[in-house]
Amino acid sequence: MSIRIIGPDDPVPPEAQGATVALGNFDGVHLGHAAVLRAAHAARPDAPLAVLTFEPHPREFFRPGDPPFRLTLLPEKAAALADLHVAWVFVQHFDLTFSQQSAEHFARAVLHERLGAAHLICGGDFAFGHRRGGDVAFLAARAEAMGIGLSIAPAFGDVGGPISSTRIRRLLQDGYPERANALLGRPWTIRGTVSHGDKRGRTIGFPTANLPLGRHLEPARGVYAVTVQLPDGTARKGVANIGYRPTVAETMESRVEVNIFDFDGDLYDREIAVSLRSFIRAEQKFPSFDALRAQIAVDAATARDLLGGIVL
């Protein structure tokens, strides 16, 4: 289904008011988030379903020196939410002014007056307002006073514990994309614009499309079997290296280099999406360029085998 993103300065259209609004960052849009949205729909099946999220992520604002940690940036997040039947994404700009507003102001000015929410849903640990001064009990009292319904979504987990963005980040950083994908309910994807690299791969028959990681989490450095969504919406299989390329690189900028199987088109300055399917090996430095070339051929063959059962 289609989804509309309402930015912080955009007017909220009348048809978006009266929605059930799920509150949170929804980084990753994982199975736990899907459970929250199912509960939101069940609470008010007659109301449109919306999500209120924050950009930048509050952690990015308060700790700008931390390494990037995002599982999903806004376009990817919106696409995942659309698959879960969310009609509207309300984006609240998170800056110093907003961080200093009281919990009372957030409940009244944002949830009630601006969004006109009919129903709210959040996790039991949701906190908001200046110095996180508002908790679920406060929200329940204010929502009742304003005639807004409220549901508290129970924790959602599996045998490994609660499903959370933190748990998924750790799995990706430890080199377990299959496990992370199982908790996400879909392959973890890095979406970005293809940039010009050193074109060294073309000289050995393995041309690559190069993507900056940007604000995405850096997963375990190494080689992955991947699938790639091209600008025209079609999908291909491939092999990717994520990291510093220690054999050939002269910089310490980590990036994604993906060789797309059976493809020779021009992707420069166009957006693609690289989905991690399996981790093949850790990044390593080779004694020579010839040794690297031989290993790339082995990695590509391994990736083809690992992806053999995937239907695109």
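Laid out as a table, the results:
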{"read-out": "Conditions (1) more than 22 Å from P212 (Cα to Cα); (2) touching a Gly at 6+ places or on another chain (Cβ under 7 Å); number of the one not met by S288", "value": "(2)"}
{"read-out": "Selection within the range 175-197 - out of contact with any strand residue (DSSP E or B) (no Cβ under 9 Å at 6 or more places or on another chain) and in contact (Cβ under 8 Å) with a residue 12 or more places away in the chain", "value": "L184, G185"}
{"read-out": "Members of the range 196-246 found to be at pLDDT below 95 and among the hydroxyl-bearing types (S, T, Y), listed by number", "value": "T203, T208, Y244"}
{"read-out": "Search result, residues across the range 272-292 that are modelled with pLDDT under 95 and surrounded by 16 or more Cβ atoms within 10 Å (Cβ to Cβ)", "value": "E283, L292"}
{"read-out": "Of all residues in the range 131-140 being at pLDDT below 90 and assigned to a helix (DSSP H, G or I), the one that is surrounded by the fewest Cβ atoms within 10 Å (Cβ to Cβ)", "value": "R131"}
{"read-out": "Subset of the range 88-114 (residues that are in contact with a strand residue (DSSP E or B) (Cβ under 6 Å, 6 or more places away or on another chain), among the hydrophobic types (A, V, I, L, M, F, W, C) and surrounded by fewer than 20 Cβ atoms within 10 Å (Cβ to Cβ))", "value": "V91, A103"}
{"read-out": "Only one of A225, A300, A235 that is in contact with a strand residue (DSSP E or B) (Cβ under 8 Å, 6 or more places away or on another chain) and more than 21 Å from G185 (Cα to Cα)", "value": "A300"}
{"read-out": "Pairs where the first residue, in the range 279-297, is farther than 15 Å from Y244 by Cα and the second is among the charged types (D, E, K, R) and in a helix (DSSP H, G or I), C-beta under 9 Å, 6+ apart", "value": "F279/E178; I280/D299"}
{"read-out": "Residues located in the range 265-297, provided they are of a type in the set (G, A, S) and within 19 Å of W188 (Cα to Cα)", "value": "A273, S275, S278, A282"}
{"read-out": "Listing of strands (runs of 3 or more DSSP E) fully contained in the range 1-59 that carry 3 or more residues being surrounded by fewer than 21 Cβ atoms within 10 Å (Cβ to Cβ)", "value": "4-6"}
{"read-out": "Tabulated pairs, the range 137-149, first assigned by TED's automatic domain parsing to the domain that holds G18, second part of a helix (DSSP H, G or I) and of a type in the set (A, V, I, L, M, F, W, C), C-beta under 6 angstrom, 6+ apart or interchain", "value": "F138/A103; R142/A107"}
{"read-out": "F98 in a loop (DSSP other than H, G, I, E, B) and hydrophobic (A, V, I, L, M, F, W, C)", "value": "no"}
{"read-out": "Of all residues making up the range 141-156, the number that are surrounded by 16 or more Cβ atoms within 10 Å (Cβ to Cβ) and part of a helix (DSSP H, G or I)", "value": "2"}
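Each row is one residue, and each column tells you yes or no for (1) loosely packed, with under 13 Cβ neighbours inside 10 Å; (2) of a type in the set (K, R); (3) assigned to a loop (DSSP other than H, G, I, E, B).
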position: D125; (1), (2), (3): yes, no, yes
position: L172; (1), (2), (3): no, no, no
position: R179; (1), (2), (3): no, yes, no
position: L183; (1), (2), (3): no, no, no
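The values are calculated or read from the model by the stated rules, or taken from the named source; none is laboratory data. Here the structure is a predicted model, which means the values were calculated and not measured. With ideal geometry, Cβ positions are generated from the backbone for all residues, glycine too; neighbour counts draw on all protein chains shown.
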